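The values are calculated or read from the model by the stated rules, or taken from the named source; none is laboratory data. Remember, it's a predicted structure, so these values are computed and weren't measured experimentally. So basically every Cβ, Gly included, is an ideal-geometry build from the backbone, and we count neighbours across all protein chains shown. Surface accessibility is based on the protein's heavy atoms, side chains included, excluding ligands, DNA and RNA. Shrake-Rupley method; radii C 1.70, N 1.55, O 1.52, S 1.80 Å.
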Amino acid sequence: TISHDCNPPVPPTAGSNITSPTQIVWNWNTVPDAMGYKWSITNDYNTAIDLGFTTTKTEAGLVCNTGYTRYVWAYNACGYSTPVTLTQTTSVCPWNCGQQLIDTRNNISYLTILIGNQCWMAQNLNIGTFVPGSINMINQGVIEQYCYADYSPNCNVYGGLYQWQEMMQYSTTPGSQGICPTGWHIPVDEEWSALSANLGGDSVAGGKMKSIGTVQSGTGLWSQPNTGATNSSGFSALPGGYRYTNSSFGGINWETNFWSSTELSHDLARHRALFYNQNGLENRYYYKTIGYSVRCIKNTVSLPSVTTFPVSNIT
C-alpha cells in the first residue's frame, strides 16, 4: 500500500544545451526524490526512453539551423512528473564555397567559386557610398566607391571602382581585409598568380575568366571579339573599365582590372588586367590613385607560395 504522503516528483527544469549544426546535447537539472528520468521526442511518457539517473541526452543526425522540441519526465516509486519541454535550435549551417555570400553590411549577395583550393567571389565587390570621379577618395571612416561614368546603376552591374588606399582601408599590409566582408581579404599578388596557374598560366587564363558573349551580338557585355572567352573557371569577369587618374572614366566593355593588395612602391601597386581582344591575364602595376575593380578571396590558414609571373610595364 502506498503511503498517503508518497508523491510523484516535481518536473525537471531545463539546463543549458550544447549545440552544433547536426547535434544537440540536451541537459536538465536533477530533481529531489527522483529515481530516474525519461526522455522522448514526443509528449508520451509510455514510449519515452528510460535514462536512469542520467540528466543528459545526446541527439545526433539533426538538421542545421532547425528548431527541435523534446520532453523529459522525472519518476519515482510513486509515479512520474509532468514533462518539462525542452526547446533548442541547432547551430547555423556551415558555409561552403559555391554558395552565395551575403555581405551583411549592405545585404548584397555574391556568387562564389572554388578554383583550385581558392574560394573567390564570382562577382565584383559593390560596397560603399557613391562619390563622383572628380574627387579623390579620403580616409574618413566611410567606404567610398566610384561608379563608372558617375552613373550609380553601373555599380549594380560592374561593381564599384576603388582607389588602392581606399580599398585597403589605408593599410599597406598584403592580404589585408580592406573593404572585403569579414572572413575575406584583398588577394595578394601571389594569390592571383596561383589562380592563373590553376587555369593554365597567364597566356590562357584570361579567356577562362571572362564572361562570354559580346555587346554587338546582344549576348554579353564585352566588345567583339571577346577573344578566347569561355568562362570555364566560373570567375565571370565583366569589362567594368576604370576611373583614370585624371578623374575621367574609360575602358567600359573593353577591359577590366583587379587590384591586388601587394604594393610595388609608395605610389604603385600590382593588379591583373583582362582585355576584349586578348586571351591572357596580364600581370601589371599602376598608380594607386586609379580606380579599379575588386575581387575578394576567402581567408585560408596560410597564403599560397607561388612564383610571380613577369609584370608588364605601366600602360
query = From the residues in segment 98-117 that are assigned to a strand (DSSP E or B) and out of contact with any Ser or Thr (no Cβ under 8 Å at 6 or more places or on another chain), which one is surrounded by the most Cβ atoms within 10 Å (Cβ to Cβ)?
reply = THR112
inquiry  = Could you check segment 180-190 and list, in sequence order, the residues that are part of a helix (DSSP H, G or I) and surrounded by fewer than 20 Cβ atoms within 10 Å (Cβ to Cβ)?
reply    = GLU190
request  = Could you tell me which residue of segment 152-173 is nearest to LEU111 (Cα to Cα), considering only residues that are open to solvent by less than 50 Å² (accessible area, probe 1.4 Å) and among the polar types (S, T, N, Q)?
outcome  = ASN154
inquiry  = For the condition surrounded by fewer than 17 Cβ atoms within 10 Å (Cβ to Cβ), closer than 28 Å to GLY116 by Cα and of a type outside the set (A, V, I, L, M), what is the one hit in SER193, SER203?
reply    = SER203
inquiry  = Is it the case, given these coordinates, that SER134 is over 20 Å from TYR292 (Cα atoms) and open to solvent by 30 Å² or more (accessible area, probe 1.4 Å)?
reply    = no
query = SER223 passes all but one of (1) of a type in the set (S, T, N, Q); (2) more than 24 Å from ILE115 (Cβ to Cβ); (3) buried (at least 17 other Cβ atoms within 10 Å of the Cβ); (4) without any contact (Cβ under 8 Å) to a residue 24 or more places away in the chain; which number fails?
reply = (4)
inquiry  = Please go through (1) in contact with a Pro (Cβ under 8 Å, 6 or more places away or on another chain); (2) assigned to a helix (DSSP H, G or I) for ALA149 and return the number of the only condition it doesn't satisfy.
reply    = (1)
ask   = Inside segment 1-80, counting only strands (runs of 3 or more DSSP E) that do not spill past its ends, which hold 3 or more residues that are open to solvent by less than 50 Å² (accessible area, probe 1.4 Å)?
value = 23-27, 36-40, 67-76
query = From TYR285, TYR244, which residue is surrounded by fewer than 18 Cβ atoms within 10 Å (Cβ to Cβ), aromatic (Phe, Trp, Tyr) and either in contact with a strand residue (DSSP E or B) (Cβ under 8 Å, 6 or more places away or on another chain) or over 25 Å from ASN136 (Cβ atoms) (or both)?
reply = TYR244
ask   = Are there any pairs with C-beta distances below 9 angstrom linking a residue in segment 175-204 that is under 11 Å from ASN299 (Cβ atoms) to a residue that is open to solvent by 30 Å² or more (accessible area, probe 1.4 Å) and among the hydroxyl-bearing types (Ser, Thr, Tyr), with the two at least 6 apart or on different chains, and if so which?
value = GLN177/SER171; PRO181/THR104; THR182/THR104
Selection from segment 81-97 of residues that are assigned to a loop (DSSP other than H, G, I, E, B) and modelled with pLDDT of 95 or more = SER81, THR82, PRO83, THR90, SER91
ask   = Looking at (1) more than 29 Å from the chain's Cα centre (by Cα); (2) in contact (Cβ under 8 Å) with a residue 12 or more places away in the chain, which is the only condition SER16 fails?
value = (2)
ask   = Within the set of pairs 6+ apart or on separate chains, which have a first residue in segment 105-125 that is free of Cβ contacts under 8 Å to residues at least 12 places away in the same chain, a second that is not in a loop (DSSP other than H, G, I, E, B), and C-beta atoms under 8 Å apart?
value = SER109/LEU101; SER109/ILE102; SER109/ASP103
key: Test result for LYS298, open to solvent by 20 Å² or more (accessible area, probe 1.4 Å), in contact (Cβ under 8 Å) with a residue 24 or more places away in the chain and of a type in the set (Lys, Arg)   = yes
task = Could you please find all residues in segment 262-282 being touching a strand residue (DSSP E or B) at 6+ places or on another chain (Cβ under 7 Å) and not acidic (Asp, Glu)?
result = THR262, LEU264, LEU268, ALA269, ARG270, HIS271, ARG272, ALA273, LEU274, PHE275, TYR276, LEU281
